[in-house]
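Some notes on the structure that comes next.
The values are calculated or read from the model by the stated rules, or taken from the named source; none is laboratory data. Nothing here was measured: the structure is a model prediction, and the numbers come from that model. Here Cβ is always computed from backbone atoms with ideal geometry, including for glycine, and neighbour counts include all displayed protein chains.
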Amino acid sequence: MIIAVASGKGGTGKTTVAVALSMASSEPVLYADCDVEEPNGSIFLRPEVTETEKVLVEVPRIDEGKCTSCGKCARFCQFNALVSLGSPPLVFPELCHSCGGCEIVCPTGAVSWKKVPIGEISLGTSDGGRISVLEGRLDVGSSLAPPVIRQVKSHIADGVLTIIDCPPGTSCPVIESLGGADYVLLVTEPTPFGLHDLKLAVETVRELGMPFSVVINRFDEGDSGVEDYCGDEKIHIIVRIPHKRFMAEVYSRGGNLFDAIPEMREIFSEIPRIIEKGVEVK
Ligand code: SF4
Ligand code: SF4
């Protein structure tokens with residue numbers, strides 16, 4: 001089963017939940033960090049990294065001998081990755097989405113391809129090998145999260161409980177991360193901002209037709225807006241995590257949710273079973 005942990009915005013405790021699910025499982029589990037712009041699950045899981053691999057994408061290479069400086073490729077490119085000022089175009093690889101269009105529109109066959117790195121994947125293990133840890137990391141300056149996420153997900157094997165730590169928000173990287181998941185946990189907090197972003201996240205997963213439920217972090221602070229909304233929308237709240245003053249200190253030392261609130265371990269260990277029942281009856 002693949003469980004994706006997502007949230008409408010950053011800072012809601014999404015990684016705390018994804019890491020806690022991985023740690024609470026008594027069976028082998030794969031934690032896949034698809035929050036590639038800011039992966040931080042490994043801070044808590046402290047994996048022993050056994051393998052790394054580069055993420056490469058293809059970007060155009062312009063043959064100046066064949067180029068007539070017509071500018072068609074630059075006019076075609078929707079991402080401003082090519083700039084032609086009456087000269088052979090300059091290529092800005094960090095903006096290129098590798099769509100291949102510039103090669104198609106070029107009348108002289110001046111466009112070929114070269115591979116450039118945009119990020120890295122690391123594979124490792126934690127907790128004596130029980131937790132496999134996959135992490136995607138986008139290079140600074142690159143904006144192409146989806147190819148890095150795709151490469152992280154290419155390592156997911158069937159039959160292993162997998163926890164995907166999604167990027168925050170509801171844009172392309174999130175959609176890429178959610179693809180193939182059996183169930184989504186939407187992490188939020190009981191504030192007006194949390195409610196606003198939860199509504200967007202709910203719209204997204206409903207649009208995708210994915211089964212989901214909500215985790216309320218710091219449920220004992222803030223207001224009742226999220227609870228009321230979930231009640232009105234008949235959205236299941238699968239777990240409520242309390243807030244303790246010393247939690248920030250525990251997390252800042254690399255501690256996890258169970259270091260702060262040990263009794264949450266049993267609750268989290270039950271979540272995959274509860275979801276499985278829900279997934280089956282859906
Ligand atoms: S491959 Fe697509 S995105 Fe990249 S430069 Fe060519 S047209 Fe632009
Ligand atoms: S379309 Fe081809 S010939 Fe025209 S500017 Fe681009 S690379 Fe040069």
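Results, tabulated for the structure shown:
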{"item": "Search result, residues across segment 41-79 that are basic (Lys, Arg) and more than 16 Å from ligand 2 (Cβ to nearest atom)", "result": "Arg46, Lys54"}
{"item": "Residues that are within 13 Å of ligand 1 (Cβ to nearest atom) and either over 18 Å from Asn80 (Cα atoms) or in contact (Cβ under 8 Å) with a residue 40 or more places away in the chain (or both), drawn from segment 102-114", "result": "Cys102, Glu103, Ala110, Val111, Ser112, Trp113, Lys114"}
{"item": "Residue in segment 108-133 that is farthest from Ala24 (Cα to Cα), counting only those that are within 16 Å of ligand 2 (Cβ to nearest atom) and surrounded by 17 or more Cβ atoms within 10 Å (Cβ to Cβ)", "result": "Ala110"}
{"item": "Test set (1) among the polar types (S, T, N, Q); (2) touching a Gly at 6+ places or on another chain (Cβ under 9 Å); (3) more than 16 Å from ligand 1 (Cβ to nearest atom) - Asn40 fails condition number", "result": "(2)"}
{"item": "First in segment 37-51 and buried (at least 19 other Cβ atoms within 10 Å of the Cβ), second anywhere and part of a loop (DSSP other than H, G, I, E, B), Cβ under 8 Å, 6 or more apart", "result": "Gly41/Asp35; Phe44/Gly254; Phe44/Gly255; Phe44/Asn256"}
{"item": "Residue within segment 209-221 that is part of a helix (DSSP H, G or I), in contact with a Leu (Cβ under 7 Å, 6 or more places away or on another chain) and in the same structural domain as Gly41 (by TED's automatic domain parsing) present", "result": "no"}
{"item": "Candidate set from segment 93-107 (those that are within 10 Å of ligand 2 (Cβ to nearest atom) and surrounded by 13 or more Cβ atoms within 10 Å (Cβ to Cβ)); member that is farthest from the chain's Cα centre (by Cα)", "result": "Cys106"}
{"item": "Some residue of segment 223-233 being touching a strand residue (DSSP E or B) at 6+ places or on another chain (Cβ under 6 Å) and surrounded by fewer than 21 Cβ atoms within 10 Å (Cβ to Cβ)", "result": "yes"}
{"item": "Positions within segment 95-149 being among the small types (Gly, Ala, Ser) and touching a Pro at 6+ places or on another chain (Cβ under 6 Å), in sequence order", "result": "Gly124, Ser126, Ala145"}
{"item": "Flag for Gly65 being modelled with pLDDT under 95, away from ligand 1 (no atom under 13 Å from the Cβ) and more than 24 Å from the chain's Cα centre (by Cα)", "result": "no"}
{"item": "Residue in segment 240-263 that is part of a strand (DSSP E or B) and either more than 20 Å from the chain's Cα centre (by Cα) or at pLDDT 90 or above (or both) present", "result": "yes"}
{"item": "Top-ranked residue in segment 80-92 [being within 11 Å of ligand 2 (Cβ to nearest atom) and among the polar types (S, T, N, Q); ranked as farthest from Pro146 (Cα to Cα)]", "result": "Ser87"}
{"item": "Residue ID - surrounded by the fewest Cβ atoms within 10 Å (Cβ to Cβ), chosen from residues in segment 151-179 that are of a type in the set (Ser, Thr, Tyr) and outside any strand (DSSP E or B)", "result": "Ser154"}
{"item": "Residue in segment 143-161 that is closer than 27 Å to Arg273 by Cβ and either touching an Asp or Glu at 6+ places or on another chain (Cβ under 7 Å) or polar (S, T, N, Q) (or both) present", "result": "yes"}
{"item": "Filter result (of a type in the set (Lys, Arg) and exposed (fewer than 15 other Cβ atoms within 10 Å of the Cβ)) within segment 200-222", "result": "Arg206"}
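Residues checked against (1) in a helix (DSSP H, G or I); (2) assigned by TED's automatic domain parsing to the domain that holds Ser98; (3) over 16 Å from the mean Cα position of the chain (by Cα); (4) not aromatic (Phe, Trp, Tyr):
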position: Arg137; (1), (2), (3), (4): no, no, no, yes
position: Gly141; (1), (2), (3), (4): no, no, yes, yes
position: Pro147; (1), (2), (3), (4): yes, no, no, yes
position: Ala181; (1), (2), (3), (4): no, no, no, yes
position: Val184; (1), (2), (3), (4): no, no, no, yes
position: Asp232; (1), (2), (3), (4): yes, no, yes, yes
position: Ile235; (1), (2), (3), (4): no, no, yes, yes
